[in-house]
Amino acid sequence: VQLQASGGGLVQPGGSLRLSCVATGSATGINVMAWYRQSHGKQRALVAAIASSGSTTYTDPVKGRFSISRDDAKNTVYLQMNSLKPEDTAVYYCHYAKGTTTYWGQGTLVTVSS
């Protein structure tokens with residue numbers, strides 16, 4: 001499985017961005033797709049995840065502002081980010097898990113600054 005993330009950029013506080021991640025290869029069946037982020041000097045941490053069943057989970061700091069979704073016909077996961085804050089600045093990574101096998105995409109930088 002290969003993951004290609006896109007959609008990062010520079011946005012002002014309070015703005016919105018939508019990240020996309022396309023999975024190619026054997027990206028079918030029961031799986032979990034997720035977004036992680038890593039800011040300077042910090043460990044990579046889970047932002048949101050969505051299972052193939054549609055169930056979702058979010059880290060507390062993004063609840064009510066971010067929304068994760070998936071389009072299985074396109075093997076794509078999205079992260080809609082609203083009301084962005086400077087502390088959301090980070091490199092965002094797409095993650096795919098199927099059983100015990102996991103894959104990472106390349107990161108996409110999100111910078112929230114005025």
Query - Relative intensity, log₁₀ I(q)/I(0), of the stretch 53-104 from a Debye sum that treats every alpha carbon as a point, q = 0.25 Å⁻¹ - result: -1.22
Query - Cα centre as origin, Lys/Arg/Asp/Glu Cβ charges: the chain dipole, Debye - result: 60 debye
Query raised in the report: Over the chain, with a single point scatterer placed on each C-alpha, what log10 of the ratio I(q)/I(0) does the Debye formula yield at q = 0.16, 0.18 1/Å?
Result: -0.66, -0.83
Query raised in the report: Between Ser113 and Thr56, what FRET efficiency comes out of the Förster formula 1/(1 + (r/R0)^6) with R0 = 22 Å and r the beta carbon distance, rounded to 0.05?
Result: 0.20
Report summary line: Summing +1 per Lys or Arg and -1 per Asp or Glu among the other residues with Cβ less than 14 Å from His95's Cβ gives +4
Requested in this report: With a 1.4 Å probe and every protein chain left in place, work out the accessible area per residue of the stretch 13-114 in Å², rounded to a whole number.
Outcome: 52 Å²
Report summary line: Looking only at aspartates and glutamates whose Cα falls under 19 Å of Lys63's and that sit 8 or more positions away or on another chain, we get Glu87, Asp88
Query raised in the report: Carbon and sulfur together cover what percent of the accessible area of the chain at a 1.4 Å probe radius?
Result: 50 percent
**Report entry** the chain: relative contact order in percent, alpha carbon pairs under 8 Å with at least 6 residues between
**Finding:** 37 percent
Query raised in the report: Taking Cα pairs under 8 Å and at least six residues apart, what relative contact order does the stretch 65-114 come out at, in percent?
Result: 30 percent
Query - Span from the the stretch 38-73 Cα centroid across to the the stretch 1-33 one, whole angstrom - result: 10 Å
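The values are calculated or read from the model by the stated rules, or taken from the named source; none is laboratory data. Nothing here was measured: the structure is a model prediction, and the numbers come from that model. Every residue, glycine among them, receives a Cβ derived from its backbone with ideal geometry; neighbour counts consider all protein chains shown. Accessible surface is based on the protein model in full, side chains and every heavy atom, while ligands, DNA and RNA are left aside. Shrake-Rupley method; radii C 1.70, N 1.55, O 1.52, S 1.80 Å.
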